[in-house]
Structure formats: structure tokens, C-alpha cells
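The values are calculated or read from the model by the stated rules, or taken from the named source; none is laboratory data. Note that the structure is predicted; figures quoted are calculated from it, not measured. Don't worry about glycine lacking a Cβ; one is built from the backbone with ideal geometry, like all the others, and counts go over all protein chains shown.
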Amino acid sequence: MAKSAVQADKGHVAHSKAADSQEGLKGKFSRPINITFLGAGSGFCPTLCKDVLLIPSADRGEFRLVDIDKDRLSKVYKVIQKLIKESGREDGWIVKATTNRREVLKGTDYAVCCVEVSGMACVAFDNDIPLKYGVDQCIGDTVGPGGLFKGLRTIPVFLDILRDMRELCPQAIMLNYTNPMSMMV
């Protein structure tokens with residue numbers, strides 16, 4: 001039996017409220033949340049940290065930042081410190097930064113992978129090499145030859161990270177932001 005127009009509108013309206021009218025996540029975090037960002041120097045880390053700080057019941061935890069680029073790590077560390085201060089959560093949240101992921105994985109609840117293996121200079125090859133042979137890709141980081149190139153250099157690093165997690169924080173949940181997403185997972 002088909003839904004009536006009234007039922008359909010009610011369903012759509014129920015799921016199309018303005019973001020600021022939402023109640024947030026249900027329930028309460030009863031313990032500190034420890035989140036490790038791998039590739040923290042990426043553009044994703046500050047936004048994700050801010051989102052966590054906006055969760056009403058997430059009043060304690062650690063942001064553990066990991067990046068092999070010390071300069072980017074230092075910059076994002078300062079940004080996250082500022083976000084914590086601006087959110088008024090200095091009493092419950094701290095931030096740590098390191099170039100060695102094994103130092104901070106123990107006790108991690110959530111790991112967020114945002115790594116760019118071999119840096120941004122390598123990304124040009126993902127597009128330029130296939131184009132040289134007539135393969136024009138819209139984006140070369142997910143599928144096609146460019147995605148394969150990226151997968152070949154990224155998947156071994158991701159597997160190393162997962163092995164470290166299995167040893168140091170087997171209860172943690174991995175959230176992957178790194179492409180090629182489908183090959184990674």
C-alpha cells in the first residue's frame with residue numbers, strides 16, 4: 001500500500017531540519033574519548049576536532065595528533081589547542097602531538113586515517129602518467145590507473161597502521177578518510 005502524501009511530507013520534514021535545530025547525539029559519553037588522527041597535518045583534522053568538541057556530552061578526552069611532517073604537525077597542534085580553548089573545554093580536553101603513532105595508539109578509542117603517502121607531489125603523477133597514455137581521469141585518487149597508483153603506495157602503510165592498532169588498541173574503531181577509499185577498506 002502506498003504512503004499518503006501527508007505521510008511522505010511528514011517523513012521528509014522529519015529529516016530536513018536545519019542543522020542548528022538538531023538535538024545532537026543521543027546518550028552521554030561517560031568516559032573520556034581518545035581520538036588519534038593519523039596524517040593530522042591534513043585539512044580534515046581541525047574540522048573533525050571541532051565537530052567532536054561540539055558534541056554536548058563529549059566533555060573529556062584527548063586528541064592525539066600524528067604526522068611525519070613536523071612543520072604541519074606543529075601548526076595543526078596549535079590550531080587544535082586554540083579550538084579547545086575557544087570551545088571552553090580546556091578543563092576536559094588535551095591535545096598531544098608526535099611523529100610516532102605507536103606512542104599514542106595505546107588506549108585509543110577511535111583512529112582517523114587521513115594520510116597522504118609520498119606527499120602531494122606524487123598526486124600529480126597519478127593524473128599525468130595515465131593522461132600521457134590517453135586516459136583522462138576526472139580525479140585520479142579513487143578509481144582507474146591513478147587510484148591504483150595511489151592504492152599501491154597507500155595500502156601497505158594502512159596495513160602497518162592496522163597491525164599497530166591490533167597490537168596497541170584492538171578495541172579501537174578505524175575511521176578512514178584516505179583515498180582510494182574502496183581499495184583501503
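Pull up the range 99-150, narrow it to residues that are of a type in the set (Gly, Ala, Ser) and in a loop (DSSP other than H, G, I, E, B), then point me to the one that is nearest to Ile35 (Cα to Cα).
Gly107
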Of those in the range 133-154 that are among the charged types (D, E, K, R) and surrounded by 16 or more Cβ atoms within 10 Å (Cβ to Cβ), the residue modelled with the highest pLDDT is Lys150
Restricted to the range 114-131, and to residues that are in contact (Cβ under 8 Å) with a residue 60 or more places away in the chain and not β-branched (Val, Ile, Thr), which residue is nearest to Phe63 (Cα to Cα)? Cys114
Just a yes or no: is a residue in the range 52-69 in a helix (DSSP H, G or I) and of a type in the set (Asp, Glu)? no
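Scan the range 63-89 for residues that are β-branched (Val, Ile, Thr) and more than 15 Å from the chain's Cα centre (by Cα) and jot them down. Working first, answer last.
First pass over the range 63-89, keeping only residues β-branched (Val, Ile, Thr): 66, 68, 76, 79-80, 84.
Matches in the range 63-89: Ile68, Val79, Ile84.
For the structure I just gave you, tell me whether Arg101 is farther than 17 Å from Asp160 by Cα, touching a helix residue (DSSP H, G or I) at 6+ places or on another chain (Cβ under 8 Å) and of a type outside the set (Asp, Glu).
Here the answer is no, as Arg101 does not meet what is asked.
Say we look at the range 155-185 and pick out the residues that are in a loop (DSSP other than H, G, I, E, B) and among the aliphatic types (A, V, I, L, M); which of these is modelled with the highest pLDDT?
Within the range 155-185, the subset in a loop (DSSP other than H, G, I, E, B) is 169-172, 177-180, 185.
Those left that are additionally among the aliphatic types (A, V, I, L, M): 172, 185.
Numbers: Ala172: 97, Val185: 85.
Taking the candidates together, the pick is Ala172.
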From the residues in the range 84-98 that are assigned to a strand (DSSP E or B) and not β-branched (Val, Ile, Thr), which one is farthest from Ala40 (Cα to Cα)? Trp93
Given Val79, Val104, which one is touching a residue at least 24 places away in the same chain (Cβ under 8 Å) and touching a strand residue (DSSP E or B) at 6+ places or on another chain (Cβ under 8 Å)? Val104
Taking the range 11-37 as the search range and keeping residues that are surrounded by 12 or more Cβ atoms within 10 Å (Cβ to Cβ) and either farther than 30 Å from Lys96 by Cβ or in contact with a Lys or Arg (Cβ under 6 Å, 6 or more places away or on another chain) (or both), which one is modelled with the lowest pLDDT? Pro32
Options Ala40, Ala111, Ala97; residue that is of a type in the set (Gly, Ala, Ser) and without any contact (Cβ under 8 Å) to a residue 60 or more places away in the chain: Ala97
